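So the structure is just underneath, and the comments pick up after that.
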Amino acid sequence: MTVASPARERPGDLLPGRSSSVPFRALTCTFMSLRFDQTGWQQLQPGAFRNADGDTVALYGFDLPPDLPAPLEQLDHLRRGTAAKTAESGGGLIELDVLTLDGLPAVRQIVKLPLPDRPSGVAYIASFTVPRADRSLVLKIQCLEQGVTGMRDSTALNHYLTEYGQGRDLQDMMRWWAQHAYAPEIQGGLPRNLSEDPGWDPHFPQHPLSRARRILTALAPGIELHPTFRTAPPFAA
């Protein structure tokens, strides 16, 4: 286990709870050091890694709190607000939970975004965000759809229509098939569909969403935060 220094932010990077149009100053390395198990990850540059599947992990730190839409204690508001912001950016929230990383509250989430300059396929962006009153850390995992896409979706859709579609209006069925997570009334963006339920992960273990969930699960127990970051004042939205 070694210390990961911050990755350099690139223009257009989408970070959870951040607007890409807002400039940020990176925290000093002392404040944002973070440890995680790098087994199976090749370092590309300080704070950025890639595995054999082509998935990437990058660490970002900022000397200001994330612009989360609600306190972590208000999970329903946090989920709904994040779903709305993600849809506005053209994507969709898959899931969001609050958990503890090395003793501090953190946000675990997965969003999907359209791949630029490609007619199909999405990127699944999984992340841990650790907010404090005057700083924040984001560990971002990026898993892309490659090659032939849509097999998981079509298999799940066929199963759904076969199991539940008999005698029902197809338009109504499709409304239930794809809705924004936690806020089904939201329009636009990329709504979460039923193929993205965790129950389909074992059937498609190499799908990027399955990989993203596995990476989050594998990394979480080994994350260690720098003592200076841990003692910073707690976050309050």
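Throughout, read-outs are computed from the coordinates displayed, never taken from laboratory work. These numbers come from a predicted model, not from an experiment. Every residue, glycine as well, gets a Cβ built from its backbone with ideal geometry; the counts of neighbours run over all protein chains shown.
So what are the chain's ellipsoid semi-axes, whole angstrom, largest first, if each one is the square root of 5 times an eigenvalue of the alpha-carbon gyration tensor?
Semi-axes, largest first: 32, 20, 16 Å.
Using a Gaussian network for the chain with springs between C-alpha atoms less than 10 Å apart, which of these wobbles most: Ala83, Ala181, Ala52?
So, out of Ala83, Ala181, Ala52, the one fluctuating most is Ala52.
Ranking request for peptides 90-101, 165-176, 140-151: highest mean number of other beta-carbon atoms within 10 Å first, then the rest in descending order.
Top of the packing list down: 90-101, 140-151, 165-176.
With labels modelled as points extended 7 Å from the Cα through the Cβ direction, what inter-label distance (nm, one decimal) is found for Thr155 paired with Arg168?
2.2 nm
Measuring from the lowest to the highest alpha carbon on each principal axis, how far does the range 49-92 reach, largest first, in angstroms?
Largest to smallest, the principal-axis extents are 37, 27, 18 Å.
Express in % the proportion of alpha carbon pairs of the range 32-170 at distances exceeding 24 Å. List each step's numbers first, then the result.
Numbers: 4272 of 9591 pairs.
The proportion of pairs with Cα distances above 24 Å equals 45 percent.
Counting only residues 5 or more places away or on other chains, whose amide H sits under 5 Å from the amide H of Glu95 once H atoms are built in the peptide plane?
Ile110
Bin width 10 Å, origin at 0, all Cα-Cα pairs of the range 119-230: what percent of pairs per bin?
11, 34, 31, 16, 6, 1, 0
Is the range 176-237 rounded, prolate or oblate when judged by the Cα gyration tensor, a ≥ b ≥ c being the square roots of its eigenvalues, rounded requiring a/c under 1.5 and prolate requiring a/b larger than b/c?
Working: a/c = 4.17, a/b = 1.48, b/c = 2.82.
Oblate.
In what sequence, highest mean first, do 64-75, 125-136 appear when ranked by Cβ atoms within 10 angstrom?
Highest-to-lowest ranking by the protection proxy: 125-136, 64-75.
For the pair Thr100 and Leu44, what calculated FRET efficiency results from E = 1/(1 + (r/R0)^6), where r is the Cβ-Cβ distance and R0 = 41 Å, to the nearest 0.05?
Numbers: r = 29 Å, r/R0 = 0.71.
FRET efficiency, Leu44 to Thr100: 0.90.
Read phi for every residue in the range 231-237 and hand back ³J(HN,Hα) as whole Hz from Karplus 6.51 cos²θ - 1.76 cosθ + 1.60, θ = phi - 60°, with x for Gly and Pro.
8, 5, x, x, 6, 9, 5
Taking only DSSP H segments of four or more residues, each worth -39500 (n - 2.57), what value at 222 nm results for the chain once the sum is divided by all its residues, to the nearest 500 deg cm²/dmol?
The per-residue figure over the chain is -7000 deg cm²/dmol.
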